[in-house]
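What follows is a set of notes on a single structure, which appears directly below.
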Amino acid sequence: MQEGEEGKMKSAAAFEWGDELPRLDGERIVLRQLRDSDAEDLFAIFGDDEVIRYWSSPAHESLDDSRDLILDTLRQFKARTMFEWCAALRDSDRMIGTCTLLNVDIAHRRAEIGYALNRGFWGRGYATEIVELVIAFAFGPLNLHRLEADVHPDNAGSFRLLEKQGFKREGYLRERWHHLGRIEDGVYLGLLRPEWLELKGK
Ligand SMILES: CC(C)(COP(=O)(O)OP(=O)(O)OC[C@H]1O[C@@H](n2cnc3c(N)ncnc32)[C@H](O)[C@@H]1OP(=O)(O)O)[C@@H](O)C(=O)NCCC(=O)NCCS
(Lines give C-alpha, C1' and ligand atoms only; values in the text may rest on other atoms or scores of the structure.)
Protein backbone atom coordinates (compact mmCIF):
# COMPACT_ATOMS: atom_id res chain seq x y z
CA MET A 1 0.00 0.00 0.00
CA GLN A 2 1.27 3.47 -0.80
CA GLU A 3 1.90 5.91 2.03
CA GLY A 4 -0.60 8.44 0.70
CA GLU A 5 -3.28 5.84 0.48
CA GLU A 6 -2.83 4.73 4.08
CA GLY A 7 -3.06 8.33 5.24
CA LYS A 8 -6.33 8.83 3.41
CA MET A 9 -7.64 5.54 4.74
CA LYS A 10 -7.05 6.56 8.35
CA SER A 11 -9.00 9.73 7.77
CA ALA A 12 -12.00 7.83 6.35
CA ALA A 13 -14.84 7.51 8.83
CA ALA A 14 -15.31 3.87 9.81
CA PHE A 15 -18.61 2.17 9.13
CA GLU A 16 -20.34 0.45 12.02
CA TRP A 17 -22.73 -2.35 11.09
CA GLY A 18 -26.10 -1.83 12.74
CA ASP A 19 -29.57 -3.20 12.03
CA GLU A 20 -30.23 -0.86 9.09
CA LEU A 21 -28.39 -0.06 5.89
CA PRO A 22 -26.73 3.35 5.99
CA ARG A 23 -28.60 6.10 4.14
CA LEU A 24 -26.56 7.71 1.37
CA ASP A 25 -27.67 11.08 0.06
CA GLY A 26 -27.05 12.29 -3.48
CA GLU A 27 -28.27 15.32 -5.43
CA ARG A 28 -31.36 13.69 -6.92
CA ILE A 29 -31.19 10.25 -5.34
CA VAL A 30 -31.33 8.81 -1.85
CA LEU A 31 -30.08 5.29 -1.14
CA ARG A 32 -31.92 3.78 1.79
CA GLN A 33 -33.07 0.50 3.24
CA LEU A 34 -35.72 -1.43 1.29
CA ARG A 35 -39.12 -1.57 3.00
CA ASP A 36 -42.18 -3.82 2.62
CA SER A 37 -43.95 -0.89 0.98
CA ASP A 38 -41.37 -0.94 -1.87
CA ALA A 39 -42.56 -4.37 -3.06
CA GLU A 40 -44.64 -3.02 -5.97
CA ASP A 41 -41.85 -0.76 -7.22
CA LEU A 42 -39.40 -3.63 -6.86
CA PHE A 43 -41.74 -5.85 -8.87
CA ALA A 44 -41.94 -3.17 -11.59
CA ILE A 45 -38.15 -3.52 -11.91
CA PHE A 46 -37.50 -7.25 -11.56
CA GLY A 47 -40.74 -8.33 -13.20
CA ASP A 48 -39.58 -6.60 -16.41
CA ASP A 49 -38.04 -8.95 -19.00
CA GLU A 50 -35.93 -6.11 -20.43
CA VAL A 51 -34.37 -5.33 -17.04
CA ILE A 52 -33.40 -8.94 -16.33
CA ARG A 53 -32.15 -9.63 -19.85
CA TYR A 54 -28.52 -9.53 -18.67
CA TRP A 55 -29.28 -10.35 -15.03
CA SER A 56 -28.44 -13.60 -13.18
CA SER A 57 -31.91 -14.70 -12.07
CA PRO A 58 -35.29 -14.93 -13.80
CA ALA A 59 -38.00 -12.26 -13.70
CA HIS A 60 -40.19 -12.04 -10.60
CA GLU A 61 -43.51 -13.71 -11.28
CA SER A 62 -45.48 -12.16 -8.46
CA LEU A 63 -45.32 -9.59 -5.67
CA ASP A 64 -44.41 -12.43 -3.33
CA ASP A 65 -41.10 -12.86 -5.19
CA SER A 66 -40.38 -9.18 -4.58
CA ARG A 67 -41.38 -9.40 -0.90
CA ASP A 68 -39.08 -12.42 -0.50
CA LEU A 69 -36.24 -10.44 -2.04
CA ILE A 70 -36.74 -7.63 0.47
CA LEU A 71 -36.58 -10.10 3.38
CA ASP A 72 -33.52 -11.76 1.90
CA THR A 73 -31.68 -8.45 1.49
CA LEU A 74 -32.21 -7.69 5.18
CA ARG A 75 -31.07 -11.18 6.19
CA GLN A 76 -27.91 -10.84 4.14
CA PHE A 77 -27.20 -7.36 5.49
CA LYS A 78 -27.44 -8.70 9.03
CA ALA A 79 -25.11 -11.56 8.03
CA ARG A 80 -22.69 -8.82 6.85
CA THR A 81 -22.35 -10.22 3.37
CA MET A 82 -24.45 -7.78 1.33
CA PHE A 83 -25.81 -4.25 1.10
CA GLU A 84 -28.82 -3.91 -1.18
CA TRP A 85 -30.09 -0.36 -1.22
CA CYS A 86 -33.32 1.01 -2.53
CA ALA A 87 -32.54 3.93 -4.85
CA ALA A 88 -35.34 6.47 -4.47
CA LEU A 89 -35.94 9.91 -5.95
CA ARG A 90 -35.00 12.45 -3.33
CA ASP A 91 -38.07 14.63 -3.90
CA SER A 92 -40.78 11.97 -3.75
CA ASP A 93 -39.08 8.91 -2.17
CA ARG A 94 -40.33 6.96 -5.23
CA MET A 95 -38.19 3.86 -5.69
CA ILE A 96 -36.54 3.71 -9.11
CA GLY A 97 -33.83 1.08 -8.68
CA THR A 98 -31.55 -0.99 -6.54
CA CYS A 99 -27.81 -0.98 -6.03
CA THR A 100 -25.99 -3.83 -4.33
CA LEU A 101 -22.63 -4.56 -2.81
CA LEU A 102 -22.55 -8.35 -2.73
CA ASN A 103 -19.95 -10.93 -1.76
CA VAL A 104 -18.65 -8.40 0.76
CA ASP A 105 -15.32 -9.72 2.04
CA ILE A 106 -13.97 -7.50 4.79
CA ALA A 107 -10.81 -9.60 5.31
CA HIS A 108 -9.79 -9.07 1.70
CA ARG A 109 -11.39 -5.63 1.48
CA ARG A 110 -13.42 -6.31 -1.64
CA ALA A 111 -17.00 -6.60 -2.87
CA GLU A 112 -18.94 -6.90 -6.10
CA ILE A 113 -21.26 -4.16 -7.32
CA GLY A 114 -24.61 -4.65 -9.07
CA TYR A 115 -27.53 -2.36 -10.02
CA ALA A 116 -30.84 -2.30 -11.83
CA LEU A 117 -33.15 0.59 -12.65
CA ASN A 118 -36.80 0.72 -13.59
CA ARG A 119 -36.77 0.97 -17.41
CA GLY A 120 -38.75 4.21 -17.34
CA PHE A 121 -35.76 5.90 -15.68
CA TRP A 122 -32.92 4.71 -17.92
CA GLY A 123 -30.71 7.16 -19.76
CA ARG A 124 -31.08 10.12 -17.37
CA GLY A 125 -27.84 9.74 -15.42
CA TYR A 126 -29.51 8.22 -12.37
CA ALA A 127 -27.41 5.04 -12.48
CA THR A 128 -24.25 7.15 -12.61
CA GLU A 129 -25.29 9.07 -9.50
CA ILE A 130 -26.25 5.86 -7.69
CA VAL A 131 -23.03 4.03 -8.51
CA GLU A 132 -20.91 7.05 -7.50
CA LEU A 133 -22.63 7.12 -4.08
CA VAL A 134 -22.01 3.41 -3.53
CA ILE A 135 -18.37 3.51 -4.66
CA ALA A 136 -17.70 6.49 -2.38
CA PHE A 137 -19.22 4.54 0.52
CA ALA A 138 -17.27 1.36 -0.35
CA PHE A 139 -13.90 3.10 -0.59
CA GLY A 140 -14.71 5.57 2.22
CA PRO A 141 -16.46 4.39 5.39
CA LEU A 142 -16.44 0.69 4.43
CA ASN A 143 -12.71 0.92 3.70
CA LEU A 144 -12.66 -1.54 0.80
CA HIS A 145 -9.70 -1.69 -1.55
CA ARG A 146 -11.21 -3.37 -4.60
CA LEU A 147 -14.59 -3.48 -6.32
CA GLU A 148 -15.58 -6.07 -8.90
CA ALA A 149 -18.35 -6.47 -11.45
CA ASP A 150 -19.45 -9.27 -13.74
CA VAL A 151 -21.14 -7.99 -16.89
CA HIS A 152 -22.79 -9.73 -19.84
CA PRO A 153 -20.64 -9.11 -22.95
CA ASP A 154 -23.57 -7.37 -24.73
CA ASN A 155 -24.56 -5.08 -21.84
CA ALA A 156 -23.21 -1.87 -23.36
CA GLY A 157 -24.88 0.48 -20.85
CA SER A 158 -23.38 -1.37 -17.89
CA PHE A 159 -19.86 -1.27 -19.40
CA ARG A 160 -20.15 2.46 -20.06
CA LEU A 161 -21.43 3.10 -16.54
CA LEU A 162 -18.54 1.20 -14.92
CA GLU A 163 -15.77 2.34 -17.22
CA LYS A 164 -16.73 5.97 -16.58
CA GLN A 165 -15.89 5.23 -12.94
CA GLY A 166 -12.49 3.75 -13.84
CA PHE A 167 -13.35 0.04 -13.85
CA LYS A 168 -11.04 -1.99 -16.07
CA ARG A 169 -11.88 -5.20 -17.95
CA GLU A 170 -9.82 -7.95 -16.35
CA GLY A 171 -11.06 -11.21 -17.74
CA TYR A 172 -13.48 -13.02 -20.02
CA LEU A 173 -15.24 -15.90 -18.28
CA ARG A 174 -16.75 -18.42 -20.68
CA GLU A 175 -20.13 -20.07 -20.12
CA ARG A 176 -20.40 -18.85 -16.54
CA TRP A 177 -24.16 -18.28 -16.29
CA HIS A 178 -27.27 -20.36 -17.00
CA HIS A 179 -29.91 -17.73 -17.58
CA LEU A 180 -33.30 -17.95 -19.34
CA GLY A 181 -32.41 -21.22 -21.01
CA ARG A 182 -29.09 -19.95 -22.36
CA ILE A 183 -25.50 -20.38 -21.27
CA GLU A 184 -23.89 -16.96 -21.06
CA ASP A 185 -20.34 -15.62 -20.80
CA GLY A 186 -19.29 -12.91 -18.37
CA VAL A 187 -16.75 -10.10 -18.45
CA TYR A 188 -15.05 -9.45 -15.12
CA LEU A 189 -14.12 -5.87 -14.28
CA GLY A 190 -12.20 -4.46 -11.35
CA LEU A 191 -11.63 -1.04 -9.78
CA LEU A 192 -8.90 -0.33 -7.24
CA ARG A 193 -9.28 2.33 -4.60
CA PRO A 194 -6.13 4.31 -5.52
CA GLU A 195 -7.21 4.40 -9.18
CA TRP A 196 -10.62 5.74 -8.25
CA LEU A 197 -9.19 8.36 -5.86
CA GLU A 198 -6.88 9.55 -8.61
CA LEU A 199 -9.66 9.65 -11.21
CA LYS A 200 -11.87 11.68 -8.89
CA GLY A 201 -8.98 13.97 -7.89
CA LYS A 202 -9.28 13.03 -4.21
C1 LIG B 1 -27.28 -0.59 -16.69
C2 LIG B 1 -28.28 0.49 -16.26
C3 LIG B 1 -28.35 0.55 -14.74
C4 LIG B 1 -27.82 1.83 -16.80
O5 LIG B 1 -28.76 2.80 -16.41
P6 LIG B 1 -28.85 4.24 -17.10
O7 LIG B 1 -29.97 4.94 -16.44
O8 LIG B 1 -28.96 4.11 -18.58
O9 LIG B 1 -27.45 4.85 -16.73
P10 LIG B 1 -26.95 6.35 -16.94
O11 LIG B 1 -28.06 7.19 -17.51
O12 LIG B 1 -26.31 6.80 -15.69
O13 LIG B 1 -25.86 6.13 -18.08
C14 LIG B 1 -24.56 5.65 -17.85
C15 LIG B 1 -23.75 5.77 -19.16
O16 LIG B 1 -24.06 4.65 -19.98
C17 LIG B 1 -24.49 5.08 -21.25
N18 LIG B 1 -25.48 4.10 -21.71
C19 LIG B 1 -26.65 3.77 -21.09
N20 LIG B 1 -27.27 2.79 -21.81
C21 LIG B 1 -26.49 2.54 -22.87
C22 LIG B 1 -26.57 1.62 -23.96
N23 LIG B 1 -27.60 0.79 -24.10
N24 LIG B 1 -25.57 1.61 -24.87
C25 LIG B 1 -24.51 2.43 -24.74
N26 LIG B 1 -24.34 3.31 -23.72
C27 LIG B 1 -25.33 3.37 -22.81
C28 LIG B 1 -25.06 6.45 -21.01
O29 LIG B 1 -25.09 7.23 -22.19
C30 LIG B 1 -24.08 6.99 -19.99
O31 LIG B 1 -22.88 7.38 -20.60
P32 LIG B 1 -22.53 8.96 -20.78
O33 LIG B 1 -22.52 9.54 -19.38
O34 LIG B 1 -21.22 8.97 -21.46
O35 LIG B 1 -23.65 9.53 -21.62
C36 LIG B 1 -29.71 0.17 -16.82
O37 LIG B 1 -29.62 0.02 -18.22
C38 LIG B 1 -30.35 -1.07 -16.23
O39 LIG B 1 -30.97 -1.03 -15.18
N40 LIG B 1 -30.22 -2.21 -16.94
C41 LIG B 1 -30.83 -3.47 -16.49
C42 LIG B 1 -30.11 -4.11 -15.33
C43 LIG B 1 -28.68 -4.45 -15.66
O44 LIG B 1 -28.37 -4.93 -16.75
N45 LIG B 1 -27.81 -4.22 -14.67
C46 LIG B 1 -26.39 -4.47 -14.83
C47 LIG B 1 -26.02 -5.86 -14.58
S48 LIG B 1 -24.23 -6.04 -14.74
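The values are calculated or read from the model by the stated rules, or taken from the named source; none is laboratory data. Keep in mind that this is a model prediction, so the values were computed, not measured. A quick note on method: Cβ atoms are made from the backbone with ideal geometry, for glycine too, and the neighbour counts reach across all protein chains shown. Protein only, heavy atoms only, side chains kept; ligands, DNA and RNA dropped before computing areas. Shrake-Rupley method; radii C 1.70, N 1.55, O 1.52, S 1.80 Å.
Of note:
- Checked across region 187-199, the condition of being within 18 Å of Arg53 (Cβ to Cβ), open to solvent by less than 20 Å² (accessible area, probe 1.4 Å) and within 14 Å of the ligand (Cβ to nearest atom) holds for at least one residue.
- The residues of region 135-167 that are more than 8 Å from the ligand (Cβ to nearest atom), assigned to a loop (DSSP other than H, G, I, E, B) and at negative phi, listed by number, are Gly140, Pro141, Leu142, Leu144, His145, Pro153, Asp154, Gln165, Phe167.
- Residue in region 151-161 that is open to solvent by less than 70 Å² (accessible area, probe 1.4 Å), within 25 Å of Glu27 (Cβ to Cβ), more than 11 Å from the chain's Cα centre (by Cα) and among the polar types (S, T, N, Q) present: yes
- Candidates in region 24-35 are the residues that are in a loop (DSSP other than H, G, I, E, B) and under 21 Å from Arg67 (Cα atoms); of these, the one that is least open to solvent (accessible area, probe 1.4 Å) is Leu34.
- Test result for Glu170, at pLDDT 95 or above, more than 10 Å from the ligand (Cβ to nearest atom) and open to solvent by 70 Å² or more (accessible area, probe 1.4 Å): yes
- Residue within region 36-46 that is acidic (Asp, Glu), within 11 Å of the ligand (Cβ to nearest atom) and either exposed (fewer than 13 other Cβ atoms within 10 Å of the Cβ) or modelled with pLDDT of 95 or more (or both) present: no
- Flag if Arg28 is farther than 29 Å from His145 by Cα and touching a residue at least 40 places away in the same chain (Cβ under 8 Å): no
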